[in-house]
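Following: one structure in structure tokens, then a few remarks.
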Amino acid sequence: RDVERSRGLGDVYKRQIIMTKILRICIVMLLAVLLLPVELSAQSRRDKEQTYVLDQPYEVTKITPPQGKKIKNVILMIGDGMSLMHVYSAWTANRGKLFLDNCQVVGLSKTYCANKLITDSGAGGTAIATGQKTNYHSVGVDTEGRPLKSLVDLAAAKGKSTGIAVTCRLWDATPADFCCHNKDRDAEAEIVADYVNCSADYVFGGGAKLFENREDGRDLFKELRDKGFQTPRSWDELAGIKSGKVFAVPYPVDTPLPAERGDLLARASLKGIELLDQNKNGFFMMIEGSQLDDYGHFNDIDLLMQETHDFDRTVGAIYEWAAKDGETLVVVTADHETGGLTLVDGDLAEGKIVCKFSTGGHSGVMVPVYAFGPGAEEFTGIFENTAIFDKIKKLLNL
């Protein structure tokens, strides 16, 4: 009887296992059906040519680089996901003019990471920030997960002021590459907590929702204030600050869309420069046009061009400041390409571009490196993305 009972129970268990498997298959099939229109929509956007016309082109002035040799400050600008095709499309849309054209030299950077040919912003940004290639999805650590010193850390140790300004949430990969350490860029709450110990004196970006009301009960804004930071929660508050350390997070997640925020990135960057430049030893600052990457993933040429032009106008504002300062090197580059953008037609006189995307992810092309100011000649040629770190480290004598 015991044997028969155990066999009966075994049959029940078998039936339960079979039913569970059938249920799982049904769920997977249902999800596939529900998600199919989304995937088909994304694929149709990639297959379809998209036309964009910049109705109101902006003026681009000639900015003459300084003639001196002394390098006191370095400003590193990263267009996340920005390739030569993004730049050339934006140039065409603005009737053949970009502030980027004022650069003295151009180089090309190889973007692959330690364990994948096609990198992400975590590994790509870490290579630029620390001089070491790391694994896909890692931020600020080596391939074994050990924390790495970034340009922010090294500049701070040299007595320079340091800062970052971005249009994304601060737990996103690129800002985290310079200030945080984690093997997984998706460990967002852990990454944000690292900012409390970051060496930066000025931080501007989004992502306030993970700085407060956290599951671990910590109020990171309070911890930052305890460390001497001012924590303005609006642009007006930030604009009124005249000195000291600042950690400004005015938005719950990302900053608004380009058309809504106006010249916010330029204003936030120049505000950071105003504060950092009070240090007689100079400063290092990283500025990111973050949402280029998002709109490349979305295969949205309209928003992508808006963000690229916003980034270019920010480049112009930074070039103008650097030209007057005379001792500042500005390096503009990207961590990788996003969207596989191709310019297939257009009209330069009309500012019209016709583009196609080949992917909703990243591609493996080399990306441009533009340099303006003293030391610009170091950035010609073809080199690894880690060499950007090496060159800046050398020029600032870090």
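The values are calculated or read from the model by the stated rules, or taken from the named source; none is laboratory data. Since this is a predicted model, take the numbers as computed values, not measurements. We place every Cβ from the backbone using ideal geometry, glycine too, and count neighbours over all the protein chains shown. Accessible surface is based on the protein model in full, side chains and every heavy atom, while ligands, DNA and RNA are left aside. Shrake-Rupley method; radii C 1.70, N 1.55, O 1.52, S 1.80 Å.
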Number of positions in the stretch 315-349 that are open to solvent by 20 Å² or more (accessible area, probe 1.4 Å) and more than 20 Å from Q67 (Cβ to Cβ): 9
Any hit, the stretch 260-268, residues being under 19 Å from L54 (Cα atoms), in a helix (DSSP H, G or I) and either free of Cβ contacts under 8 Å to residues at least 12 places away in the same chain or more than 17 Å from the chain's Cα centre (by Cα) (or both): yes
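Is the stretch 301-315 home to any residue that is part of a helix (DSSP H, G or I), aromatic (F, W, Y) and at negative phi? Walk me through how you get there before you give the answer.
Looking only at the stretch 301-315, we keep the residues that are part of a helix (DSSP H, G or I), and these are 301-315.
If we keep only those that are aromatic (F, W, Y) as well, we get 311.
If we keep only those that are at negative phi as well, we get 311.
Checking the stretch 301-315: at least one residue is part of a helix (DSSP H, G or I), aromatic (F, W, Y) and at negative phi.
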Search result, residues across the stretch 97-119 that are free of Cβ contacts under 8 Å to residues at least 60 places away in the same chain, crowded, with 23+ Cβ neighbours inside 10 Å and assigned to a helix (DSSP H, G or I): none
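Out of the residues in the stretch 155-174 that are outside any strand (DSSP E or B) and in contact with a Gly (Cβ under 6 Å, 6 or more places away or on another chain), state the one that is surrounded by the fewest Cβ atoms within 10 Å (Cβ to Cβ). Walk me through it before giving the result.
Quick first cut of the stretch 155-174, residues outside any strand (DSSP E or B) only: 155-160, 170-174.
Those still in the list that are in contact with a Gly (Cβ under 6 Å, 6 or more places away or on another chain) too: 160, 170-171, 173-174.
Numbers: K160: 25, L170: 29, W171: 28, A173: 27, T174: 28.
The extreme case among them is K160.
Which residues, taken from the stretch 184-231, are assigned to a loop (DSSP other than H, G, I, E, B) and within 14 Å of D172 (Cα to Cα)?
Initially, the stretch 184-231 is screened for residues assigned to a loop (DSSP other than H, G, I, E, B), giving 184-187, 198-201, 207, 211-219, 227-228, 231.
The answer is D184, R185, D186, A187, G207, F211.
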Positions within the stretch 75-96 being within 18 Å of the chain's Cα centre (by Cα), buried (at least 22 other Cβ atoms within 10 Å of the Cβ) and outside any loop (DSSP other than H, G, I, E, B), in sequence order: I75, L76, M77, I78, G79, H86, V87
Test: residue in the stretch 239-259 that is within 23 Å of D310 (Cβ to Cβ), out of contact with any helix residue (DSSP H, G or I) (no Cβ under 9 Å at 6 or more places or on another chain) and free of Cβ contacts under 8 Å to residues at least 24 places away in the same chain: no
Subset tally (residues that are open to solvent by less than 50 Å² (accessible area, probe 1.4 Å) and free of Cβ contacts under 8 Å to residues at least 24 places away in the same chain) for the stretch 213-238: 5
Residues (open to solvent by less than 10 Å² (accessible area, probe 1.4 Å) and either more than 17 Å from I191 (Cβ to Cβ) or at pLDDT below 95 (or both)) located in the stretch 120-154: A127, I128, L151
